[in-house]
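FYI, it's all coordinate maths here, none of it is from the lab. Just so you know, these numbers come straight off a predicted model, no measurement behind them. Methodologically, a virtual Cβ is constructed for each residue, glycine included, from the backbone with ideal geometry; neighbour enumeration extends over all protein chains shown.
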Amino acid sequence: MKKITLVLPLLALGSVAQASDIRGGLGNFDALNHTGGIVYGIEIELDDARSRDVVSTYPGNHYGYGKVREDLSDPLHPKVFVRYEQGGAFTNPYPANSTLYCYDLSKNVGCEHFGVHFAYGSTAPYSAAKYNWLVKDASGKLIVGPALQLNIPVFDYTPPTANFPAQVVATIPAPIVPQAIAKEFGEPSWVKVIKTTTHRARVLALGDLISDDHDGDGLADWTNGEPDEVESEWYLLQSQNGGSTAKSELRGGADSMGNNAEEAVTRRYEFYAYGGPAGSIDGEKGEAMCDKVGPDNLHGDGVVGVTDANGDSYDFDCSTAEIVGAYQGSQMTEFLAITPFSTVDALQNGKVNEVFPQRPTVNGGNTPYVTNISIGELPNGLTLASSTGLLSGVPSKVGVFNFTVSANDADNKIASKAFTVKVTGPGDTDGDSDIDMNDLNAIKAKYGQIVAANDPRDLNGDLRVNIIDYRKAVSLCTMTKCAVVTPTP
């Protein structure tokens, strides 16, 4: 896991003004579908992370909120997955050479907008981040598909002292893209870095870290109303097994956050494919040798030496090749050292007998918290930890559960919000988080038929639908009229 490092020499790295977390990380990002086919969502993998580190997700796309799950099969290296998928939602391929507007949800033009906010702590809460589109296999099952050439900046923070303001440095690692034949260098891609020239002591909501201009001030929302400039025009990124950082990451300049570390630092990273031909790539190591872009922002610049797979060397004129490929997407990020105390935007839904990972209900401020359910009831099987505000457990009953979380932090800041969590499971044949007459009729219509494993009409798991399943569904009914039905064979 990448450690926070010093930004200024001779300064000791301290705690962040007693804040319970540092806000930084994924932010919001644009993703263009260059797979050539239809995709059905996206999955983000965070290695060496925990579900509680993911505070919230952004729903500004065709797939709603991302659903978080946790893999603890290797206790020393846990993984968190944020998966965006929803029913029949899909994303068309992005047309070649298109400049279509991407974020009108009434249209489907091959571009989506996703976002995740997580608790940063004293170190980055992940060791690697991977992005993949979701596609369907030959049987129609949703599986992890092609990788996206995107990544997340890592923030190195130095708190303020009597002589220096707080500062933060953002480093963007090379995107991680699986290769058919692993070499020392991974898949190459270009990054362009744009940052605000001044910073405001105003927190942007996750939904404001987008490339649109919703407030009409002539500036993209991610800039927080401040002027921006290009920090790095073109930089070639490639992950490297050899451990060199020459192309594996791009370290930005230091940004001041003010004497009280209350200013928000925002940046935009634009990613482009490497368009150079095979002849510009080292045949042994896989290194893209044309790493300078010419004045036309398309072709390469200069002549480079290249080694082929046999170890023979030759010269390649980069100016003859279009080395900047298609725009892949962008990452808009915000770093905030002191996060105000607040509730999260929403909570994900659950499934009966499926682990509901630790999900924060509150965020920021100073710990410990005092949280409670002031109105309504939690889903059966879930509990709320008062001192952390984490909701977790294993749902045991289908239903729609409405409840209000009320909380205060150690500084007695107060927050409250009403949430709705839907739980589906066996008996809920239409997935509406109710077991009613529609579900009973659906079960009756399948009497005597063999079904696949985990079919919601097969409540006893014997892969056959019959009156036993019907009676079980009646006993689990969430609607009054449904529960008094007399089952018939």
| note | Within region 201-271, DSSP-loop trypsin sites (Lys or Arg not before Pro) with at most 13 other C-beta atoms within 10 Å are Arg202
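Assign unit charges at the C-beta atoms only (+1 for Lys and Arg, -1 for Asp and Glu), then state the dipole size of region 343-424 relative to its Cα centre in Debye, rounded to the nearest 20.
On the way: 6 positive and 5 negative charges, 42 e Å.
I would put it at about 200 debye.
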| task | Restricting things to alpha carbons, tell me how big region 408-489 is in terms of Rg and Dmax, in Å. | result | 17.7, 62
| request: Work from the charge dipole of the chain (Cβ charges, +1 for Lys and Arg, -1 for Asp and Glu, about the Cα centre) and give the residue of Ser475, Thr371, Leu347 farthest towards its positive end. | output: Ser475
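Going by average Cβ neighbours within 10 Å, how do the peptides 160-169, 62-71 rank, with the highest at the top?
Details: 160-169: 17.0, 62-71: 19.8.
Going by the mean number of other Cβ atoms within 10 Å, highest first, we get 62-71, 160-169.
Tally Lys/Arg at +1 and Asp/Glu at -1 over every other residue whose Cβ is under 12 Å from the Cβ of Ser433; what's the total?
Numbers: positive: Lys351, Lys397, Lys422; negative: Asp428, Asp430, Asp432, Asp434, Asp436, Asp439.
Value of the local net charge: -3.
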| For the chain: relative contact order, % (alpha-carbon pairs under 8 angstrom, 6 or more apart) | 13
| query | For region 343-424, what is the largest minus smallest coordinate of the Cα atoms on each principal axis, given in angstrom and ordered from greatest to least? | reply | 38, 20, 17
| Could the peptides 335-347, 215-227, 461-473 be put in order, highest first, of the mean number of other beta-carbon atoms found within 10 Å of their residues? | 335-347, 461-473, 215-227
| field | Which of Ser313, Thr161, Leu440, positive extreme of dipole for the chain (C-beta unit charges) | value | Leu440
| query | Normalised by the number of residues in region 343-424, what is the relative contact order in percent for Cα pairs under 8 Å and 6+ residues apart? | reply | 36
| field | Charge dipole (debye, nearest 20) of the chain; +1 at Cβ of Lys and Arg, -1 at Cβ of Asp and Glu | value | 1980
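All other residues with a Cβ under 15 Å from the Cβ of Gly376 taken together, and with Lys, Arg as +1 and Asp, Glu as -1, what is their net charge? Before the final figure, lay out the partial values.
Details: positive: Lys397, Lys417, Lys422; negative: Glu377.
Result for the neighbourhood of Gly376: +2.
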| query | Among (1) 22.6; (2) 28.7; (3) 27.2, which is the computed mean projected area of the Cα convex hull in nm²? | reply | (3)
| request: Please report how far the C-alpha centroid of region 330-361 lies from that of region 32-66, rounded to the nearest whole angstrom. | output: 13
| request: Check cross-link reach from Lys422 to the lysines: straight Cα distance under 27 Å, and skip same-chain residues fewer than eight apart. | output: Lys67, Lys79, Lys136, Lys141, Lys351, Lys397, Lys444, Lys446, Lys472, Lys481
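From the mean inverse distance of alpha carbon pairs (Kirkwood) and the Cα radius of gyration, derive Rg over Rh for region 437-483. Spell out each step's value before the answer.
Numbers: Rg = 10.0 Å, Rh = 10.5 Å.
Rounded to two decimals, Rg over Rh is 0.95.
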| query | With Cβ to Cβ distances under 10 Å as the rule, what net charge do the other residues near Pro188 carry (K, R +1; D, E -1)? | reply | -2
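Quick check on packing: order 419-428, 300-309 by the mean number of other C-beta atoms within 10 Å, highest mean leading. Let's see the in-between values first.
Values: 419-428: 21.8, 300-309: 15.5.
Highest-to-lowest ranking by the protection proxy: 419-428, 300-309.
Given the DSSP H assignment, sum -39500 (n - 2.57) over each helix run of at least 4 residues in the chain and divide by its residue total; what's the result at 222 nm in deg cm²/dmol, nearest 500? Kindly include the intermediate steps, with their values, before the conclusion.
On the way: 3 runs with 21 residues, N = 489.
-1000 deg cm²/dmol, from helical runs alone.
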| field | Count of lysine pairs in region 192-326 with Cα separation under 15 Å (8 or more residues apart, or interchain) | value | 4
